Amino acid sequence: MLKELKPALLVFLVLTVLTGIVYPGVVTGIGRLLFAHQVDGSLIVRDGKSVGSELLGQSFTSPRYFWGRPSATSPMADNGVGSTGSNQGATSPGLESAVRERIAALRAADPGNTAAVPVDLVTASGSGLDPQISPAAAEFQVARVARVRRLDAARVRALVEHATEGRTFGLLGEPRVNVLQLNLALDAQDTKEKN
């Protein structure tokens, strides 16, 4: 029996070293070499201080800012460790109630806006951490942000257009707007206005 067990243990140890140490080390090294920004979390740094990540959504609640997709993570919103969807189907009473509350909050923040609410402003993504919204979701919020910040809506719309990313490689995905980068551009615009 020891004769059969010895090769099995040897294969187990070799595969453990290869797949548990060597392979992850090589992949991490290649990632650090070729994609250092992404491996380090795609952090956005302003004035030497990290303000967020390009890859993880953040909750903005002030009407001065564009709001992102709702987060489905727990125990708190935008929790990278708790990345998961809500698992609420289209017929879920919980989802229906949450969507109604989110629509009410959007309407309360901008009572004059009678446009249809884009779906990505009231439903969470599969990961619950999306940092982007659709251009339609950004456009829905332009009037509110412009009014609260006392900026011309055309100027805010231009910031949205500048922050809009096209399809990856011209064909993958949909156009999208990174909410954190857009809000940072708004803050920079306010700083320019004051100077």
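The values are calculated or read from the model by the stated rules, or taken from the named source; none is laboratory data. Bear in mind that the values here come from a model prediction, so they are computed numbers and not experimental data. Don't worry about glycine lacking a Cβ; one is built from the backbone with ideal geometry, like all the others, and counts go over all protein chains shown. Side chains included, ligands, DNA and RNA excluded: accessible areas come from the protein's heavy atoms. Shrake-Rupley method; radii C 1.70, N 1.55, O 1.52, S 1.80 Å.
Observations, loosely collected:
- Selected residue (only one of GLU139, GLU174, GLU165 is open to solvent by 50 Å² or more (accessible area, probe 1.4 Å) and in contact with a Lys or Arg (Cβ under 6 Å, 6 or more places away or on another chain)): GLU165
- SER62 meets each of the listed conditions (1) surrounded by 12 or more Cβ atoms within 10 Å (Cβ to Cβ); (2) within 30 Å of VAL122 (Cβ to Cβ); (3) modelled with pLDDT of 80 or more apart from (1).
- Members of segment 45-55 that are open to solvent by 80 Å² or more (accessible area, probe 1.4 Å) and touching a residue at least 40 places away in the same chain (Cβ under 8 Å): ARG46, LEU55
- Condition check for GLN88 on (1) open to solvent by 40 Å² or more (accessible area, probe 1.4 Å); (2) at pLDDT below 90; (3) outside any loop (DSSP other than H, G, I, E, B): one failure, at (3).
- Only one entry of ARG150, ARG167, ARG155 meets the criterion of being basic (Lys, Arg), under 18 Å from the mean Cα position of the chain (by Cα) and modelled with pLDDT of 90 or more, and that entry is ARG167.
- Scanning segment 164-178 for any residue that is part of a helix (DSSP H, G or I) and either in contact with a His (Cβ under 9 Å, 6 or more places away or on another chain) or hydrophobic (A, V, I, L, M, F, W, C) (or both) turns up nothing.
- Residue among ALA185, ALA124 that is at pLDDT below 95, open to solvent by less than 50 Å² (accessible area, probe 1.4 Å) and part of a loop (DSSP other than H, G, I, E, B): ALA124
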